[in-house]
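Asker: What follows is a structure written as structure tokens; I'll ask about it next.
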Amino acid sequence: MDAKQIQRLIKQHIWGPVGSVVFHVIIVGMLLVFAVAPPPEAAPEVEVSMMETKADVLEEVMKTEIEKVETPPVQDDVTVERPDVATVSTMDVPSDAPGTGGAGNSEGAGIGSGDKSLATGFEVAMAKSPLVMKGLYSGRTQGGRKGALSAFGGSKRGEDAVLRALRWFKAKQDPNGSWASQEGNPLAFAGLALLAFLAHGETPASPEFGQTVEKAMKYVVSAQQPNGAFSGNSYEHAICTYAISEGFGLTKIMALKDAMDKGINIIVEGQQLGGGYDYSYAKKERWDLSVAGWQFQAMKAAKMAGCSNPKLDDAIKKGLSFLSDIAYDPKGGGFGYASPASTPSMTSAGALCMQLMGKPAAPQVRTALKYIEEMPCVWTGAKENEKPKPGAKEAAKQPLYTWYYATQAKFQKGNKDWDSWNQRFAKTLIQNQIVEGPLGHWEGGDHGGAVYSTALCTLMLEVYYRYLPTFKHVEGEKESAPTKKSDDVVVDVI
């Protein structure tokens, strides 16, 4: 075997095994190195502390206080403009009218500087509340309205009239959220219009009317002075507080709560020793049930919305004492305006306020309802089967102020009191609405123009679901309004 053959044998039979051994030795060595090597040094931990500015904290708090729900898109930015003093004038109307100080009184109608931070906070806090329309407000949902209309004698014609009126308000609203271009006393009538939307369950999150409601709320809130007064006029202040309190009750917008609390404090502190009220919250001998009626309605709305003013309950009790002991006319069986001499408007107002504040079966309420039992409801000057036209001026004014209170008082009583009135008032209002396509309004009210008249007529036609007749009869009597069976909400506002 020569040398070349030997070399060939070595390559074929020796180098293969040797190479395999060397390869495995290298692999084993590498594994040993990794097994015994110390772990890599951990990177040092760095603690980062984020500092939040006051603005960041405030915005976060406001976001967490209410449930954020996407609201309908706003077409244009809303600039909140407060009414100038010159635009707020006292109406030349009878002395028991809302929005007026009455003949010879010195009640101011001007607006103060206002707290602009309220409007700013309102921008941040605007949202739909998770608590919308619970309890006493449960009739204001779409299903609640339908059920209440059926249970208490409402009709589709009446609800159609309500929707036409709300669309009229939407179409006529000024860019700043008021209806000042339609009528004087912009704050009082903005409050009344806002109440009409809230009664229908409309909030800033409503698809059709959300922007209108939001602008109206901003307008009213922006007028409030740092001391809590919406106006020097006690009618306007109470109506605005009433509307804002209902607004907070339905939405839980915290900017509304702040405005409500400040507004109620003015009302509580402005109450007379006897429990009544007068122009400019004067605390002299004179009292005025027309002024007091709006203060009591505002108190009721604030109580239902959860106002925490520690003096509110006592103010309600004093109000009830005023109604039963001072404003009530035992000879006439009703309530008086500025003296105990019964009038239809104040008898209706006194009865309703006692009902709302927890005394629906008081003897004064029973006799008051008897006093207005046969009250007529006829649109003066209206011709049979003739549709009213825009701008038509009637010689006589319609007593809408009286009807507003009487409708609610009779509804709260229920039974035959309500059935008889319901057949008359609803037909009268529906027939005399001025209809222009999808819009509708009323004219000829006793204490104001189209905004005033439309607001009160709308609120009357919303009575079926605005406040369900389920107040607790604290006297233990078993008189009842039209019943809703076992799901009635029992409310004791005291």
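Just so you know, all these numbers are worked out from the coordinates, no wet-lab data involved. Just so it is clear, the model here is predicted, and its values are computed rather than measured. Quick reminder, even Gly has a Cβ in these numbers, built from the backbone with ideal geometry, and neighbours come from all protein chains shown.
Asker: What ranking do H441, H237 get, fewest neighbouring Cβ atoms within 10 angstrom at the top?
Answerer: By the 10 Å Cβ count, ascending: H441, H237.
Asker: Next up: So who's got an amide H within less than 5 Å of the one on G334, skipping anything under 5 residues away but keeping other chains? H placed 1.01 Å off N, in plane.
Answerer: Answer set, sorted by chain and number: D329, S342.
Asker: On to the next question. Taking the highest mean first, how do the peptides 359-367, 293-301 order by number of other beta carbon atoms within 10 angstrom per residue?
Answerer: Going by the mean number of other Cβ atoms within 10 Å, highest first, we get 293-301, 359-367.
Asker: To the nearest 0.05, how large is the calculated FRET efficiency for T141 and T380 if R₀ is 45 Å and r is the Cβ-Cβ distance?
Answerer: Efficiency at R0 = 45 Å is approximately 0.80.
Asker: How fast does segment 215-263 diffuse by Stokes-Einstein, in µm²/s, taking the Kirkwood radius from C-alpha pairs at 10 °C and 1.306 mPa s?
Answerer: On the way: Rh = 10.4 Å.
This corresponds to a translational diffusion coefficient of 153 µm²/s.
Asker: Let me ask something else about it. Quick one: work out Rg over Rh on the C-alpha atoms of segment 235-391, Rh as Kirkwood radius.
Answerer: 1.04
Asker: Separate question: Considering only Cα-Cα distances, which of the following residue pairs are longer than 32 Å: K331/K387; K257/K318; K156/K215; K218/K284; K172/K300?
Answerer: Details: K331/K387 42 Å; K257/K318 24 Å; K156/K215 29 Å; K218/K284 34 Å; K172/K300 30 Å.
Exceeds cut-off: K331/K387; K218/K284.
Asker: Once the piece of chain linking E285 and K331 is laid out straight, how much longer is it, given 0.36 nm per residue of separation minus the C-alpha distance between them?
Answerer: Stretched fully, the E285-K331 segment lengthens by 14.4 nm.
Asker: Working from the pairwise distances between different alpha carbons, so that the mean of 1/r is found and then inverted, what is segment 396-443's Kirkwood radius in Å?
Answerer: Evaluated over segment 396-443, this radius sits at 11.9 Å.
Asker: Still on this structure, please answer the following. Hey, if you drop one equal point scatterer on each alpha-carbon of segment 177-298 and run the Debye formula without solvent, what base-10 log of I(q)/I(0) do you get at q = 0.17 Å⁻¹?
Answerer: At q = 0.17 Å⁻¹ the computed log10 ratios are -0.79.
Asker: How large is ³J(HN,Hα) for each residue in segment 195-209, as worked out from phi by the Karplus curve 6.51 cos²θ - 1.76 cosθ + 1.60 (θ = phi - 60°), to whole Hz, x for Gly and Pro?
Answerer: The phi angles translate into 4, 5, 5, 5, 4, 8, x, 8, 10, x, 9, 5, x, 8, 10 Hz.
Asker: Let me make sure I get this right: for segment 257-341, a, b and c are the square roots of the gyration tensor eigenvalues over alpha carbons, sorted descending. Under 1.5 in a/c it's rounded, otherwise prolate if a/b > b/c, else oblate. Which is it?
Answerer: Details: a/c = 2.38, a/b = 1.84, b/c = 1.29.
Prolate.
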